[in-house]
1. Among the helices (runs of 4 or more DSSP H) lying completely within the stretch 1-100, list those that include at least 1 residues that are in contact with a Leu (Cβ under 9 Å, 6 or more places away or on another chain) and under 19 Å from Val132 (Cβ atoms).
2. Looking at the stretch 45-60, is at least one residue aromatic (Phe, Trp, Tyr) and under 30 Å from Gln194 (Cα atoms)?
3. Check off (1) touching an Asp or Glu at 6+ places or on another chain (Cβ under 7 Å); (2) crowded, with 21+ Cβ neighbours inside 10 Å; (3) closer than 28 Å to Ala77 by Cα for Leu169 and give me the number that stays unchecked.
4. Given the structure, is Glu187 surrounded by fewer than 19 Cβ atoms within 10 Å (Cβ to Cβ) and either within 11 Å of the ligand (Cβ to nearest atom) or free of Cβ contacts under 8 Å to residues at least 40 places away in the same chain (or both)?
5. Please enumerate the residues belonging to the stretch 91-112 that are more than 12 Å from the ligand (Cβ to nearest atom) and without any contact (Cβ under 8 Å) to a residue 24 or more places away in the chain.
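Derivation of every value follows stated rules applied to the coordinates shown; laboratory data play no part. Please read all numbers here as calculations on a predicted model, not as lab measurements. No Cβ is skipped: glycine too gets one built from the backbone with ideal geometry, and neighbour counts run over all protein chains shown.
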Amino acid sequence: MSLFRLDASIRVEGSHSRELADVVEQEWRSANPGADVVRRHVGTEPIPSTAWGAAASTRFIPADQHSPEQREAVALAAELTDELIHADALLFAVPLYNFGVSQHFKTWVDLVITDPRMAAGTDPVLKGKPAVLVVVRGGAYGAGTPREGWDHSTAWIRRIFEDVWALDLKIVEVEFTLADVNPAMAEFRDLARQLRAEAEQVAREHGRSLGGQQAA
Ligand SMILES: Cc1cc2nc3c(=O)[nH]c(=O)nc-3n(C[C@H](O)[C@H](O)[C@H](O)COP(=O)(O)O)c2cc1C
């Protein structure tokens, strides 16, 4: 058994998404002691932003006519895709930045999708593979809140993971992660602590589930 884990937070210390993913990983490890974990820290060790353009531009060009940059980008896309295919379970930890998808995470997704095995419309090579997505947001976006509808990240990630790649996806979500550090959000600190505790419980449950499942 092996786990692929991707972290998109731009920080290491105090990262809520990493801590919740740690909970998921720990539960997975309990069920799979000694098993391999392959990691990508795309927030702190980004995929080069030029790789996607170089790989995408090869679409109708025979491989023997690729430039060195294109060859490198295609090889990286294949390497990233292999990491997904070879893992038995997948874990992603992705914060909300600027009301949208983390640029580092999207660069990774876009590059992976250039691999012919991963493109939209192909028979999903990851179909049914168990996956957990940890999503963290500094503010709150629930129904009736002033920022309802402003999270333009989570629905896009779900579209890719569930509809394009056909993963068997479970989600851990937590909001108000900025309450502890933002004085303007001080009144929400108790609620933030409660939401975090609830998210940890969900992370434990999904981690156990991830650990017990075999890839389809
Ligand atoms: C540059 C930047 C932009 C952010 N933009 C948003 C945002 O649009 N909405 C939001 O709810 N939180 C936003 N946040 C807060 C993060 O989502 C929050 O701090 C989260 O916990 C970060 O993940 P981490 O704790 O794993 O590092 C932003 C944080 C940073 C650093």
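1. Details: elements: 16-31, 51-56, 68-86.
Passing ranges, in order: 16-31, 68-86.
2. Looking through the stretch 45-60, none of the residues is aromatic (Phe, Trp, Tyr) and under 30 Å from Gln194 (Cα atoms).
3. Tallying (1) touching an Asp or Glu at 6+ places or on another chain (Cβ under 7 Å); (2) crowded, with 21+ Cβ neighbours inside 10 Å; (3) closer than 28 Å to Ala77 by Cα, Leu169 fails exactly one: (2).
4. Numbers: surrounded by fewer than 19 Cβ atoms within 10 Å (Cβ to Cβ): yes; either within 11 Å of the ligand (Cβ to nearest atom) or free of Cβ contacts under 8 Å to residues at least 40 places away in the same chain (or both): yes.
For Glu187, the condition - surrounded by fewer than 19 Cβ atoms within 10 Å (Cβ to Cβ) and either within 11 Å of the ligand (Cβ to nearest atom) or free of Cβ contacts under 8 Å to residues at least 40 places away in the same chain (or both) - is met.
5. The one that is more than 12 Å from the ligand (Cβ to nearest atom) and without any contact (Cβ under 8 Å) to a residue 24 or more places away in the chain: Lys106.
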